[in-house]
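Reviewing the structure listed below.
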Amino acid sequence: MGKFSRLGNELYNGRKSIDFVNRRPLWYAISLVLVGAALAVVLIKGLNFGIEFTGGTQYRVPLAASDVTQDNADELRAAIADAGIEGADTPVVTTSGQSILIQVEDLTPEASDSVVEVITSTVPVSDQISQDEIGASWGTQVAQRAALGVGVFLVLVMIFIALYFREWKMSVAALAALAHDIAITVGVYALSGFPVTPSAVTGLLAILGFSLYDTVVVFDKVRENTREFRRPGQTYSDAANLAVNQTLVRSINTGIVALIPIGAILYVSAVQLGASSLQDLALSQFVGMAAGVYSSVVLAPRILVHLKSGEKDIAEHENRAAARLRRADRYATVPSFAEDMPIANDPGVAPPSEDGTPAAPVRQAPPPVTTHEPMGRGRNVPKARGEVGQSPAAGRQQPSRKPRSQRGKK
């Protein structure tokens, strides 16, 4: 943990840096591959909509409190699926209070009676089995209202971000990152084969706020760094990349803290409780939060820098920073060696003769030796009055001193 803290301190101060912004082809390619794979899964495999959206039949099987267990639910699921009843080959069986709920597709009266016979022969039913028909119109209304809520939410969020940051391009970047998260979440949901239920829609709506919250934190740091560039020669992309590095540890910690309980709920609901509404909610939230951390750190700042690079002020500032960097590096303007460079341009070599025979190297005169008078503290060192010789004590040339009685005598 100490090393991680030191790494976060070095990233915040800029002593270490991970290039999230300037590697545009790499991060765009990764995001496009993830989104393309998710959309391909949705188009090829499709989503498994629950009976709340497609309509179907639901059976409520009352049991004693001691019999409402996951083992009985799994046994009922296997018995109905193995019965070979048309429309009931993939039942959804969950526990609910003192009863077990069984959901299947629309069945004929004969098929429904067969399902009831399988239920009564598998578990000890304590009361009469109730049967409810769920129409697809209710699911359609839920989907329409959910889509309307998402649309209103996105519009309000874009307006808020644009007003808070006074920058509409941040709203566009945040919306693009949000679309990235939703696409990946839907693709993973289709790949898992979990039924799309109202709980799954609720989880999908919940990740919108988490993803946008993380993105707004990163953008706030970008605005702080780009308001006054901290270092001479720093460009907008450099300041944005510094902001991402400064918030990287916080984003990772926040994501881990949020994913641990959601992962625990997903494991318990999918492995120990079997099919339940909790797994639909937990899966969408787990995938959406993980994708939200990635998009907030990598995708949203990269899109923002891409949009801002077309502004005149940003382009002029980057040109000035590049010119300042070239002036600081005296080797930046040295031309590179080219294969077709004439040999006469090489120092110390004469041009070849007409028949192609290389000439002998030209012996250049040595550069003139310039002597500089020794300098003292702001003045020339005065000439020595006596003879100058090697001093064993000082280890350098020093004027020799005669005894006082010998001074002035030759």
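Rule-based calculations on the coordinates, nothing more; no lab input. None of these values were measured; they are calculated from a predicted model. All Cβ positions, glycine included, derive from the backbone under ideal geometry; neighbour counts span all protein chains shown.
Sorted ascending by nearby beta carbons within 10 Å, beginning with the fewest, 170, 289, 158 become 158, 289, 170.
Each Lys and Arg contributes +1 and each Asp and Glu -1, all at the Cβ; summed about the Cα centre of the stretch 113-192, the dipole is approximately 760 debye. Taking 0.36 nm per residue of sequence separation and removing the Cα-Cα distance, the residue 86/residue 405 pair yields an extension gain of 101.6 nm. Ranked by the mean number of other Cβ atoms within 10 Å per residue, highest first, peptides 254-260, 53-59 order as 53-59, 254-260. Net length available on complete extension from residue 96 to residue 18 is 23.1 nm, with 0.36 nm assigned per residue and the Cα-Cα distance removed. For residue 96, nonlocal amide neighbours, meaning residues 5 or more places apart or on other chains whose placed amide H falls under 5 Å from its own, are 101.
Taking GluC sites (Glu not before Pro) across the stretch 52-129, the ones in a DSSP loop with at most 14 further Cβ atoms lying within 10 angstrom of their Cβ are 86. Around the amide H of residue 106, modelled in the peptide plane, lie the amide H atoms of 57, all under 5 Å away and 5 or more residues distant in sequence or on another chain.
Got the relative contact order for the stretch 56-134 handy, in percent, Cα pairs under 8 Å and 6 or more residues apart? Contact order relative to length: 48 percent. Given +1 at the Cβ of Lys and Arg, -1 at the Cβ of Asp and Glu and no other charges, the dipole of the stretch 56-134 around its Cα centre is 280 debye to the nearest 20. At the listed q of 0.17 Å⁻¹, the Debye profile of the stretch 56-134, built from one uniform point per Cα, gives log10 I(q)/I(0) equal to -0.55.
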